[in-house]
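Shown next, in structure tokens, is the structure this report addresses.
Quick note: the coordinates plus some simple rules give every number you see, no bench work behind them. As the structure is a computational prediction, the values presented were derived from the model and not from experiment. All Cβ positions, glycine included, derive from the backbone under ideal geometry; neighbour counts span all protein chains shown.
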Amino acid sequence: MRPTEIKIKFFATHREAVGHREEALTMNPPATLGELVKTLEQRYPALRQLRRSTIYCVNRRVVQIDVKLKEGDEVALFPPVGGG
Amino acid sequence: MHFFHLSAGAKLIKITRKDFDLRDVISAVKSPRAGAVVTFLGTVRGLSEAGRVKLLHYESYRSMAEEELLQIAKEASKRFDIIETAIIHRTGKLNVGENIVAIAVSAAHRDAAFKACRFVIDELKTRAAIWKKESTAGGERWVKGKV
């Protein structure tokens, strides 16, 4: 099977922890969000410290960490939200 | 000023770096059927729990935040007898006194407009993918959002 390319966005504390706002990661299918997060935490240990305050999104929907990922998905990691 | 024209009930939903004129937000919701327009304007306060505020830095996941604001406007239309809702929220560095967020709601009668406007700002505070970093003399800190 062809590798799956996933786009990842980071916001607020998570953007600062990784040092940039977005990147792309190629994974071997079947890919899950859990595996992606594991890879990211190895690459950016600071993300691990934020785990308890992390909200995970796929294609702008809040999801649980066990969801499967497919080609072109947009994953986002950020802390609890609140405008105003 | 450019506005997205959206479905009935949500005339203007926007996250933007630019400042806005409250009159434009009001114009977006005016209607011959309306007897009341209620607005809320949020501005940068010079004092916070952490002390004197130098500026606030707002960041958003724009596409997700705009979708959620539209959803909040739709929910307001279902809960209250209103005509149109407009929501505009700024991002970037904002100084004390600057505009942050504006909400305008039109309705036939004031009671529904007041209640819906209150509902929209309360929901926006906990649901929109927006984050705020506060800069004071003591340093910078992210203001905790709701889980």
- Task: With runs of 4+ DSSP H residues as the only contributors, calculate the mean residue ellipticity of chain A at 222 nm using -39,500 (n - 2.57) per run, divided by the residue total and rounded to the nearest 500.
- Result: -6000 deg cm²/dmol
- Of the options B:120, B:53, B:25, report the single residue whose Cα projects farthest towards the positive end of the charge dipole of region B:18-147 (beta-carbon charges: Lys, Arg +1; Asp, Glu -1). B:53
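Could you work out the helix-only [θ] at 222 nm for chain B, with each DSSP H run of four or more residues adding -39,500 (n - 2.57) and the total divided by the number of residues, to the nearest 500 deg cm²/dmol?
Numbers: 3 runs with 44 residues, N = 147.
Using -39500 (n - 2.57) per qualifying helix, the result is -10000 deg cm²/dmol.
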- Task: Starting from region B:21-59, pick out the trypsin sites (Lys or Arg not before Pro) whose DSSP state is loop and whose Cβ has at most 13 other Cβ atoms within 10 Å.
- Result: B:33, B:45
- What do the square roots of 5 times the Cα gyration tensor eigenvalues come to for the protein assembly as shown, in whole Å, largest first, as semi-axes of the equivalent ellipsoid? 35, 23, 13
- For chain A, longest principal axis from Cα atoms; helix A:33-43 axis from its Cα atoms; angle between them, nearest 10 degrees, is 70 degrees
- Message: Test of understanding: ordering A:55, B:103, B:13 by Cβ neighbours within 10 Å, fewest first, what list do you get?
- Response: A:55, B:13, B:103
- Item | Computed label-point distance, nm, for sites residue A:23 and residue B:98 using a 7 Å Cα→Cβ extension | 3.0 nm
- Query: Can you work out D for region B:1-127 in µm² s⁻¹ from Stokes-Einstein, where Rh is the Kirkwood radius over C-alpha pairs, the temperature is 4 °C and the viscosity is 1.567 mPa s?
  - Reply: 88 µm²/s
- Query: How do B:121, A:6, B:26 rank when sorted from fewest to most other Cβ atoms within 10 Å of their own Cβ?
  - Reply: B:26, B:121, A:6
- Query: Whole-Hz Karplus ³J(HN,Hα) for region B:124-135, in order, using 6.51 cos²θ - 1.76 cosθ + 1.60 and θ = phi - 60°, x for Gly and Pro?
  - Reply: 4, 4, 10, 10, 7, 6, 9, 10, 10, 10, 9, 10
- Tell me, what HN-Hα J-couplings in whole Hz come from the Karplus equation 6.51 cos²θ - 1.76 cosθ + 1.60 at θ = phi - 60° for each residue of region B:108-115, using x for Gly and Pro? 5, 10, 5, 4, 5, 5, 4, 5
- Query: Using only the Cα atoms of region A:4-73, what do you get for the radius of gyration and for Dmax, in Å?
  - Reply: 11.3, 30
- Query: What are the ³J(HN,Hα) values, in whole Hz, obtained from phi via the Karplus relation 6.51 cos²θ - 1.76 cosθ + 1.60 with θ = phi - 60°, for each residue of region A:46-57 in sequence order, with x given for Gly and Pro?
  - Reply: 4, 5, 4, 5, 9, 3, 5, 10, 9, 9, 9, 10
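Please report A:56, B:61 as a ranked list, fewest other C-beta atoms within 10 angstrom at the top and most at the bottom.
Fewest-to-most ranking of A:56, B:61: A:56, B:61.
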- Query: What residues qualify as long-range amide H neighbours of residue A:32, i.e. H under 5 Å apart, gap of 5 or more or another chain, H built at 1.01 Å from N?
  - Reply: A:69
